1. I'm trying to understand the selection: among the residues of segment 36-51, which are under 18 Å from residue 95 (Cβ atoms), without any contact (Cβ under 8 Å) to a residue 40 or more places away in the chain and not in a strand (DSSP E or B)?
2. For segment 80-91, does any single residue satisfy the condition of being over 20 Å from residue 111 (Cα atoms) and at pLDDT 95 or above?
3. So which residues in segment 90-118 are crowded, with 19+ Cβ neighbours inside 10 Å, in a strand (DSSP E or B) and within 15 Å of the ligand (Cβ to nearest atom), if there are any at all?
4. Can you give me the number of residues within segment 119-130 that are exposed (fewer than 12 other Cβ atoms within 10 Å of the Cβ) and under 18 Å from residue 48 (Cβ atoms)?
5. Looking at segment 70-80, can you tell me whether even one residue there is in a loop (DSSP other than H, G, I, E, B) and farther than 17 Å from residue 34 by Cβ?
6. Residue 121 is checked against (1) over 24 Å from residue 39 (Cβ atoms); (2) in a loop (DSSP other than H, G, I, E, B) and fails just one. What number does that condition carry?
7. Could you check how many residues of segment 74-84 are in contact with a strand residue (DSSP E or B) (Cβ under 6 Å, 6 or more places away or on another chain) and either touching a residue at least 24 places away in the same chain (Cβ under 8 Å) or within 16 Å of the ligand (Cβ to nearest atom) (or both)?
8. Can you tell me which residue among 87, 59 is within 16 Å of the ligand (Cβ to nearest atom), part of a strand (DSSP E or B) and in contact with a helix residue (DSSP H, G or I) (Cβ under 8 Å, 6 or more places away or on another chain)?
Ligand SMILES: [Cu+2]
């Protein structure tokens, strides 16, 4: 009886461990600051990787207004690029919006920029990896 209880306990522990690993592998949220802490017109990070199902939280940090618009001509999948775009300008620090990478998104690079500050170099690249 004691042995059976021990066995049951270890099976339960194994099940919990598997669940923990599965949740680590599930969708993550990437926070991208719009405007560096120093006030420089940058996305931070400007280059990052994500997987289908992940979300990108675009958060106005400094020196707005900013937006985040993907260039469909410079992206692996034009329709996905359009869907990820956030054209509305954010003005207040702390304001944010979220883009969700579709489960069916084609892997590759996706170029984005802040429309008002593109010429100033506020550009970035998302790489979608399976
Ligand atoms: Cu901007």
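The values are calculated or read from the model by the stated rules, or taken from the named source; none is laboratory data. Every value quoted in this text rests on a predicted model; they were computed, and no experiment measured them. All Cβ positions, even for glycine, are placed from backbone atoms using ideal geometry, and neighbour counts span all protein chains on display.
1. Scanning segment 36-51 gives 36, 37, 39.
2. Scanning segment 80-91 turns up at least one residue that is over 20 Å from residue 111 (Cα atoms) and at pLDDT 95 or above.
3. Those that are crowded, with 19+ Cβ neighbours inside 10 Å, in a strand (DSSP E or B) and within 15 Å of the ligand (Cβ to nearest atom): 90, 112, 113.
4. Of segment 119-130, the ones exposed (fewer than 12 other Cβ atoms within 10 Å of the Cβ) are 119, 129-130.
From what is left, the residues that are under 18 Å from residue 48 (Cβ atoms) are 129-130.
Here the count works out to 2.
5. Yes: one or more hits.
6. Looking at each condition in turn, residue 121 falls short on (1).
7. Within segment 74-84, residues that are in contact with a strand residue (DSSP E or B) (Cβ under 6 Å, 6 or more places away or on another chain) and either touching a residue at least 24 places away in the same chain (Cβ under 8 Å) or within 16 Å of the ligand (Cβ to nearest atom) (or both) number 5.
8. It is 87.
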